[in-house]
Amino acid sequence: MTEKELHGPEKSKSGPIVLATDGSASALAATIRAINHAKREGKMVHVITVSGPSPLVGVEKMAEDYAVGRTCKVDGVWFAENYAGELDVQIIVVRRDGPIAGVIVGYATEVGTDLIAMGSSNLRGIAGFMLGDVSEAVLRLSGCTVWAVKPTREEMERVVQKVKNYIKPIKPEKSVDLIPDKKLWKIGMIMFTLYVVAYAVFTVVGTFMRDILAMRVFGLNLAILSGMGIIIAAIVIALAYNWYAGTRAVLA
């Protein structure tokens, strides 16, 4: 049996369905069954998640992973909200602290439900002896019907598919264009290249052809004139580039 219907004394059928979830595989499968049932019956679903000082919570979830072979780990409330929205079923989310089984049963009594739906790991052997099953504890304490769902492989495949459908794809961020104006960048590179070539020529001539730079032109040493020319050329290139960049910005 993949679902156990554990019956207690019958109560009013007008109350909401209480769905206890912890995000485990069996709880997600129970979520689908509970919301489907609520859709058919026209009922509201109260989704309750419990966290508290119980020392078995962490171990229970580890044992649950082992027992059902969990293939996804998601927020149970998030999953319930999405699936209920898909079927247009109204839900209320309740978060409580305390002993898990006691809090679930207490809330079910508080709202007057006739059905509690939850996952069941159906633990056996040593794990079952040491931990027991929260759903079994809820049955012992509750006076209403309890559904303890242990999912089949097909149900788990459906759960995984639902999770994938609900996760919104992350849109890739637009990469920052480090060179927004390609034409301006090309002009700048041309100017820079011309300056580097001129400076390289000046350096080579000054190193290997000193006699040329020792010549005098208009009474001035050619080396001094060349150096001043290099400096003036750098200033002119910078001013020309800034002027051109300004005209490009205005046109944009």
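A short reminder: the numbers here are calculations on the coordinates, not readings from a lab. Predicted model only: the values in this text are computed from it and were never measured. We place every Cβ from the backbone using ideal geometry, glycine too, and count neighbours over all the protein chains shown.
Descriptive notes on the structure:
- For residue 51, distant residues with modelled amide H under 5 Å away: 96, 97, 98
- Nonlocal amide H pairs with residue 120, under 5 Å, H built at 1.01 Å: 149, 150
- Vicinal HN-Hα couplings computed from phi for the range 198-203 (Karplus, 6.51 cos²θ - 1.76 cosθ + 1.60; Hz; Gly/Pro x): 4, 5, 5, 4, 4, 5
- The protection proxy used here, the mean number of other Cβ atoms lying within 10 Å of each residue, ranks peptides 96-105, 191-200 as follows, highest first: 96-105, 191-200.
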